[in-house]
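Reviewing the structure listed below.
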Amino acid sequence: MASLNQLKIFWTVANSPSLTKAAKQLGLSQPSLSQQVAKLEQSLGGKLFDRVNNQLILTDAGRYLVRRAEIILSEVDETEIEIAAFLNGGRGRIAVGSLASLARTVVPDAMRRLEALRPGIEIDLHELSPVEAVDQLYGRNLQIALLSSFSLAPNRNAFSKIELMEDQLVLAVPAHLDIDGVADPERDLSVEGRDLLNRTIQFNFGNQQNSRTEEWYRRVLPRHRTVAWCRSYESALAMVEAGLGVCLVPHMATQQNGRLLFDVRLYAVPGWVRPIVALVSPQYLRQEPFSLFVQALREAGKGCNPPALRACPPFVLDRTDQIAKNKS
């Protein structure tokens, strides 16, 4: 008979692109994970995966079991949560993984809204990268993850995706670099201003936004050179504030409660937003307090009021329009 731990391992493997990824999500070595899968197949008396070119492909029995495992594991999760709430006098606990910018701006307002609906709920908040948050969801250590949908691999998602808001990307430049109304940087800026504008700070996130950002710089700032690679928006904005270069960042990363966190100029970039979503296991959308918190997150997302942006400089607008025309 399959154990709950074996079902958890099987479900994670079935929803992961590789054994290596599943092992990381579960905190196991790959040999140990392979042994667990083999033991489960042996105990059930048949193959759950076909091994094809170093990939695991679900058999018919495997596809049936993955649906049953989801139901069983969801019921176990719900029972554990309800028992914990009962033992704690009705108090519940929600584990949330979030981008730092959303943990700072959206989550506090959502918590305030949840407190009005269901007092006493504890939020266990983890500031994580999108990859880490998704891994923790598959490892069943989180109930909700807040991230940009740009970070999600297509067709590899066992969770409901709830749209919360759209976060516009902006061009952050040092406070002393005034590009208001600039139509031609070569003509309208000093040598020092042009050099600073062409010093770009970029991000090493490894998702589809990286290539789009590089294309934007090639079109809008064709003479740019990368002076730094960062792994957080806050680090990049600190570099911009220090006068080291410019960067494209999400608007939400620049502020808290409508107040700018860095002494920089922010310019609107037309036609470029990152959708912010909550990833949630489907059963939690039917169960309080999780459904209430998702509702609170959506309301908090709609209620965000980031600082006003400066108008997009004419040269950015013209060159961005050219990008759009080339794609049409």
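Here is how the number arises for the chain: DSSP H runs of 4 or more residues each give -39500 (n - 2.57), the sum is divided by the residue count, and the result at 222 nm is -14000 deg cm²/dmol. Each of H251, H224 was scored by other Cβ atoms within 10 Å of its Cβ. Listed from fewest to most, they are H224, H251. So what is the relative contact order for the stretch 4-82, in percent, with contacts set as C-alpha pairs under 8 Å and at least six apart? Relative contact order of the stretch 4-82: 30 percent.
When the Gaussian network model of the chain links Cα atoms closer than 10 Å, the mean-square fluctuations of R93, R51, R63 top out at R51.
With 31 Å as the limit, write out which pairs from K21/K47; K24/K302; K39/K161 have Cα-Cα distances beyond it, or answer none.
On the way: K21/K47 21 Å; K24/K302 35 Å; K39/K161 33 Å.
Among K21/K47; K24/K302; K39/K161, the Cα-Cα distance tops 31 Å for K24/K302; K39/K161.
Tilt of helix 314-327 relative to the longest C-alpha principal axis of the chain, in degrees (0 to 90, nearest 10)? It is inclined by approximately 50 degrees.
Modelled label positions at E163 and A38, each set 7 Å beyond Cα in the direction of Cβ, lie 4.8 nm from each other.
Taking the Kirkwood radius as Rh and the Cα radius of gyration as Rg, the chain has a ratio of Rg/Rh equal to 1.05. Nearest 10 degrees is fine. How inclined is helix 4-14 to the longest principal axis of the chain, computing both from alpha carbons? Around 40 degrees separate the two axes.
Fewest-first ordering of Y267, Y284 by other beta carbons within 10 Å of each residue's beta carbon gives Y267, Y284.
Throughout, read-outs are computed from the coordinates displayed, never taken from laboratory work. Remember, predicted model here, so these are calculated numbers, not experimental data. Counting neighbours? That spans all protein chains shown, and the Cβs are built from the backbone with ideal geometry, glycine included.
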